[in-house]
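One structure is given below, encoded as structure tokens.
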């Protein structure tokens, strides 16, 4: 009798664990697992983001997105990475925001 009650509960628990293990609706499924030691050129990179425990990732890393939409994981303590971040930040501040076509039409 107890087996009839216990078996469906065990099956349900197993199904829930498998569902989470697949990474479905899991924001940490895109986390970097290691960082690259290769040098990155400013010419390749269009943006960056920082991952860490606050974003649900175990490893703290800087994730650069290239102009070809590839992701490169780098160490945030690397001096070259820090220089690249400063360069991207200053580039973003000095570049004026482009107006969309819709915004341009509203001005006319």
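The values are calculated or read from the model by the stated rules, or taken from the named source; none is laboratory data. None of the values given here were measured: they were computed from a predicted structure. Using ideal geometry, Cβ is built from the backbone for each residue, glycine included, and neighbour counts are taken over all protein chains shown.
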**Request:** Filter the stretch 70-108 down to residues that are at pLDDT below 85 and loosely packed, with under 10 Cβ neighbours inside 10 Å, then give me how many there are.
**Result:** 13
**Message:** Being within 11 Å of residue 45 (Cβ to Cβ) and assigned to a helix (DSSP H, G or I) is the filter here; which residues of the stretch 68-91 pass it?
**Reply:** 81, 84, 85, 87, 88, 91
**Request:** Determine, yes or no, whether residue 42 is modelled with pLDDT under 95 and touching a helix residue (DSSP H, G or I) at 6+ places or on another chain (Cβ under 6 Å).
**Result:** yes
**Message:** Return the residues of the stretch 50-69 that are loosely packed, with under 13 Cβ neighbours inside 10 Å and within 16 Å of residue 33 (Cβ to Cβ); say none if nothing qualifies.
**Reply:** 53, 58
